[in-house]
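Data first, discussion second: the structure below is written as structure tokens.
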Amino acid sequence: MKQGYLQIYTGNGKGKTTAAMGLALRAAGAGLRVYIGQFVKDMKYSEVRLMEKALPQITIELLGKGCFIDRPPEESDRQAAQEGLEHVAQLMESGQYDVMILDEISIAIVCGLIQEEDVLALIERRPQGMELVLTGRYMPSCLMEKADLITEMQEVRHYYTEQGVLARDGIER
């Protein structure tokens, strides 16, 4: 691509990662090389398993030590996120990917695992022809200001909050 843009998918509604995965599929279908780094996740969801099997032009790495909804982040979580961000920076500079998706990166920031300034520096170093996608709730305003495209997912109704329905294989995970 001649010109890449910075896209952000944020908000409290469902669908941020799903939208990014859809973009990854579209990019791979067009012959682009895609990297997906999932911060704060250490479980291979259904889409990850399928992409690893069927789409060699998409590289997915789990950069987190696990979900810490029910516990405070630990030092190992911080270390994993820091190492993940450094790894992503090296990959970005290598030029081997056309599209990079940093999934749940805003959660890593909000939870104090990585610093806003480090993500801003990464954005500034992005090659001109690379599309960069950031996802996650509570996206910091300093990152939003840099974005060329922002989609905010808004929850109107969700069966989890209304009926207590937990994540289901093939739908939420």
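Checking each residue in the range 79-106 for being open to solvent by 30 Å² or more (accessible area, probe 1.4 Å) and either of a type outside the set (Asp, Glu) or assigned to a loop (DSSP other than H, G, I, E, B) (or both) picks out GLN79, GLN82, HIS87, GLN90, SER94, GLY95, GLN96, GLU104.
The C-beta contact set for the range 144-173 (first residue touching a residue at least 12 places away in the same chain (Cβ under 8 Å), second residue of a type in the set (Ser, Thr, Tyr), distance under 6 angstrom, 6+ apart or interchain) comprises ASP148/TYR5; THR151/TYR9; GLU152/THR10; GLY170/SER46; ARG173/TYR45. Of all residues in the range 1-22 being assigned to a helix (DSSP H, G or I) and surrounded by fewer than 20 Cβ atoms within 10 Å (Cβ to Cβ), which is farthest from the chain's Cα centre (by Cα)? Among those that are assigned to a helix (DSSP H, G or I) and surrounded by fewer than 20 Cβ atoms within 10 Å (Cβ to Cβ), it is GLY22. Counting only residues that are out of contact with any strand residue (DSSP E or B) (no Cβ under 9 Å at 6 or more places or on another chain), of a type in the set (S, T, N, Q) and under 21 Å from ARG173 (Cα atoms), the range 40-95 holds 1 of them.
The values are calculated or read from the model by the stated rules, or taken from the named source; none is laboratory data. Everything numeric here is computed off the predicted structure, so don't read it as measured data. Backbone-built Cβ (ideal geometry, glycine too); neighbour counts: all protein chains shown. Ligands, DNA and RNA are excluded from the accessible area calculation, which covers all protein heavy atoms including side chains. Shrake-Rupley method; radii C 1.70, N 1.55, O 1.52, S 1.80 Å.
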